[in-house]
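Below: the structure, in structure tokens.
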Amino acid sequence: MATKQTDLRRADAMRNRERILDAAERLLERSPSATLADIAAAAGVARSTLHRRFASREDLLAALHDRPQDTALDRPTGVLPTGRLGRERPVILDAIHVFDAVPPALLPEQLVAEAQRIAQVPVALYVLDIDGTHLLHMAGPKRLGDKLAAPLAIGPELDADGLSALREQLRRYPAAEVYALWLRGRANGILITFGRPAEPLNDLARQAAAAITLADRHTDAFALAQRRKQPAAAAEIQQSLLPPRISRVTGGEVAGNVLPSYEVAGDWFDVIENPDGIWISIADGLGGSTRAAASSAVALGALRASRRSGGTITEALVVMHQTLREMPGPRAEMTALVSRWDPTTHRLDVANCGHLPPLIVRADSTVEEVETPATHGLGGRASAKPVERSLDLGPGDRMVLVSDGVTNGGAGKAGLGVEGLADAALASGRGSAADTVRAIHEAVLASSGGDLTDDATVVCLAVE
């Protein structure tokens, strides 16, 4: 009996090793800067499992180099068969075919049916609630119920640490295996198998992540599944403005989120990578009404229009101000900050109109506040006078942007203040962007008792 158990453990170890090597080979080919955490998530294993097999990145690369080349020849190639989303063995990602082959509203059920065909065991699909507190059932058997607590989520997305925590949480279900719907450094859902799958679902899960991202623009099916309750109209407008909460960018990671997710809705942020660098913007609208959310949409449109016509970060703020001034009715005012980081030179340019200045957390754990003279916000009677500052942001450094709901709190609530914000950022574990946002939001919730009366927005750029 002991010998049989030992053989099973060895077989599991070999299977995990091959899964890690398969995932590393594919991921590093597409993204040479992929981290070990990214590879673990793509392989569907915990980071501790990867580190037991490969103590360092160098060990993993050496194993890939020494791997027999003919292992790849055994894998099927070619296009996906008609009516199939995947194959019994891994295939090259073809989310476009998945999206073309299945009506968007039917995609959840079709993905689960295909997963069950490959795995030969029951499979369920869960997606994250917009506030990041729960995984909500979308398709397949409800053996784990309608919802699961979602540890360490950043809004409706999980990073590698969140996935590791989730796998630990589900260890009390020995037959359950988790496959992340992984795309560009984040998971937008998970597939859970109930029983050991005949074939792993890593490739299908990656196809699903990309297909869901495409389909979400053509159906409300995923948006409905991600909401435990009806958001206020202003909050729904706000949700439509926000970018992915976790983004892999050249030279680092950006993460951001707005709490709460179902009401208030005066804040927004934006992240984009362009040839001239990574643009990160944050704004805090006055009030939480539907008009404030609509003003945010107008301001974000003005920012993008300026950026897409080659404008500078300062020009973008001026265009936002002019556009808000043109809106009919009461004045729509907000504070805003636009930054651009160049991953080649590590130069960070910041333009500010009345917003809280950035906090810089250096690799040596020193903290700097980028002081800027007081200036007016956008949309008021006074002319926009952006203040611009430049500094270096190098490997190991982080830039943290927040709204005043983080430092000042809402009505009758104590905020963190600048000192509390710095303490929370320094307490954020390994210092990734997602860790930093998570730690600051946890501190905000602890300070407020979980009852937020103002948007608390946090955005972090972490340089690798």
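The values are calculated or read from the model by the stated rules, or taken from the named source; none is laboratory data. All of these numbers come straight from a predicted model, not from anything done at the bench. So basically every Cβ, Gly included, is an ideal-geometry build from the backbone, and we count neighbours across all protein chains shown. The protein model used for the area step is the full one, side chains on, heavy atoms only, and it has no ligands, DNA or RNA in it. Shrake-Rupley method; radii C 1.70, N 1.55, O 1.52, S 1.80 Å.
Please determine whether any residue of the range 175-182 is open to solvent by 50 Å² or more (accessible area, probe 1.4 Å) and touching an Asp or Glu at 6+ places or on another chain (Cβ under 6 Å). Taking every residue of the range 175-182 in turn, none turns out to be open to solvent by 50 Å² or more (accessible area, probe 1.4 Å) and touching an Asp or Glu at 6+ places or on another chain (Cβ under 6 Å).
Here the range 278-305 is the region considered, the condition is being at pLDDT below 95 and polar (S, T, N, Q), and the residue that is surrounded by the most Cβ atoms within 10 Å (Cβ to Cβ) is SER295. Would you check which residues across the range 367-396 are in a loop (DSSP other than H, G, I, E, B) and open to solvent by 60 Å² or more (accessible area, probe 1.4 Å) and list them? Across the range 367-396, the qualifying residues are GLU371, PRO373, ALA374, HIS376, ARG381, SER383, LYS385, PRO395. Among the residues of the range 12-34, those that are at pLDDT 80 or above and either of a type in the set (Phe, Trp, Tyr) or open to solvent by 40 Å² or more (accessible area, probe 1.4 Å) (or both) comprise MET14, ARG15, ARG17, GLU18, GLU25.
Scanning the range 222-273 for residues that are modelled with pLDDT under 90 and of a type in the set (Val, Ile, Thr) yields ILE237, VAL264. For the range 244-296, a residue qualifies if it is among the basic types (Lys, Arg) and more than 26 Å from ALA37 (Cβ to Cβ), and exactly one does: ARG291. Restricting attention to the range 422-436 and to residues that are in a loop (DSSP other than H, G, I, E, B) and in contact with a strand residue (DSSP E or B) (Cβ under 7 Å, 6 or more places away or on another chain), the residue that is farthest from TRP279 (Cα to Cα) turns out to be GLY431.
Residues in the range 437-455 that are part of a helix (DSSP H, G or I), hydroxyl-bearing (Ser, Thr, Tyr) and more than 17 Å from LEU359 (Cβ to Cβ): SER448 only. Note on the range 122-133: among residues that are open to solvent by 10 Å² or more (accessible area, probe 1.4 Å) and touching a Phe, Trp or Tyr at 6+ places or on another chain (Cβ under 9 Å), the one that is modelled with the highest pLDDT is PRO122.
Applying the criterion of being within 30 Å of PRO395 (Cα to Cα) and in contact (Cβ under 8 Å) with a residue 24 or more places away in the chain to the residues of the range 313-330, the residue that is surrounded by the fewest Cβ atoms within 10 Å (Cβ to Cβ) is THR314. Taken over the range 301-332, residues that are farther than 23 Å from ARG389 by Cβ, in a loop (DSSP other than H, G, I, E, B) and not polar (S, T, N, Q) amount to 7. For the range 331-362, the tally of residues that are modelled with pLDDT of 95 or more and open to solvent by 60 Å² or more (accessible area, probe 1.4 Å) stands at 3. With respect to LEU416, determine if the residue is crowded, with 17+ Cβ neighbours inside 10 Å and at pLDDT 95 or above. Spelling it out, it is not the case that LEU416 is crowded, with 17+ Cβ neighbours inside 10 Å and at pLDDT 95 or above. Of all residues in the range 260-277, those satisfying the criterion of being in a strand (DSSP E or B) and either more than 16 Å from the chain's Cα centre (by Cα) or buried (at least 22 other Cβ atoms within 10 Å of the Cβ) (or both) are ASP267, TRP268, PHE269, ASN274, GLY277. For the range 445-464, the candidate set comprises residues that are open to solvent by 30 Å² or more (accessible area, probe 1.4 Å) and among the charged types (D, E, K, R); within that set, the residue that is nearest to THR407 (Cα to Cα) is ASP454.
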